[in-house]
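First comes the structure, then the notes that go with it.
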Amino acid sequence: MAAIVGDAAGRPVRYQVMDPGEFREALLGGGTPGQVADFYAAMYEGIRNDCAADVTDDLQRITGRPPVSFADYARATARPVALNG
């Protein structure tokens, strides 16, 4: 996913591997409230364990629109980022 986002953004993106506890601590260190950090850490752990890997028709049933690939989504939503400095 990092490579796809980097391609869409036109610059390298690096994925930092960390365990869910480290991820939670990083969120807390950035000011995320505890319950929100717990929720995101649980989601992160599920994603790392491929719990979100199944392809379903949920999006189409809910929105009436067909799903798109992550690469197509990234290209369609990529915007230049203004850097300070």
Matching residues in the stretch 29-42 (within 14 Å of the chain's Cα centre (by Cα) and outside any helix (DSSP H, G or I)) number 0
Taking first residues from the stretch 40-65 that are free of Cβ contacts under 8 Å to residues at least 40 places away in the same chain and second residues anywhere that are aromatic (Phe, Trp, Tyr), the pairs with Cβ under 8 Å that are 6 or more apart or on different chains are Tyr40/Phe23; Ala41/Phe23; Tyr44/Phe23
Notebook entry, point to check: Looking at Arg79, is it in contact (Cβ under 8 Å) with a residue 24 or more places away in the chain and of a type in the set (D, E, K, R)?
Noted result: no
Verdict on Ala9 being in contact (Cβ under 8 Å) with a residue 60 or more places away in the chain, over 20 Å from Pro67 (Cα atoms) and among the hydrophobic types (A, V, I, L, M, F, W, C)
yes
Residue count, the stretch 69-78, condition exposed (fewer than 14 other Cβ atoms within 10 Å of the Cβ), assigned to a helix (DSSP H, G or I) and of a type outside the set (Phe, Trp, Tyr), comes to 3
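Per-residue answers, yes or no, for (1) assigned to a helix (DSSP H, G or I); (2) surrounded by fewer than 13 Cβ atoms within 10 Å (Cβ to Cβ):
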site	(1), (2)
Val5	yes, no
Leu27	yes, no
Tyr44	yes, no
Ile62	yes, yes
Pro67	no, no
Selection over the stretch 56-85 where residues are among the hydrophobic types (A, V, I, L, M, F, W, C), at pLDDT below 85 and over 20 Å from Val5 (Cβ atoms) yields a count of 0
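The values are calculated or read from the model by the stated rules, or taken from the named source; none is laboratory data. Keep in mind the model is a prediction, meaning the values are calculated, not measured. In this analysis, Cβ positions are derived from the backbone assuming ideal geometry, glycine residues included, and neighbour counts consider all displayed protein chains.
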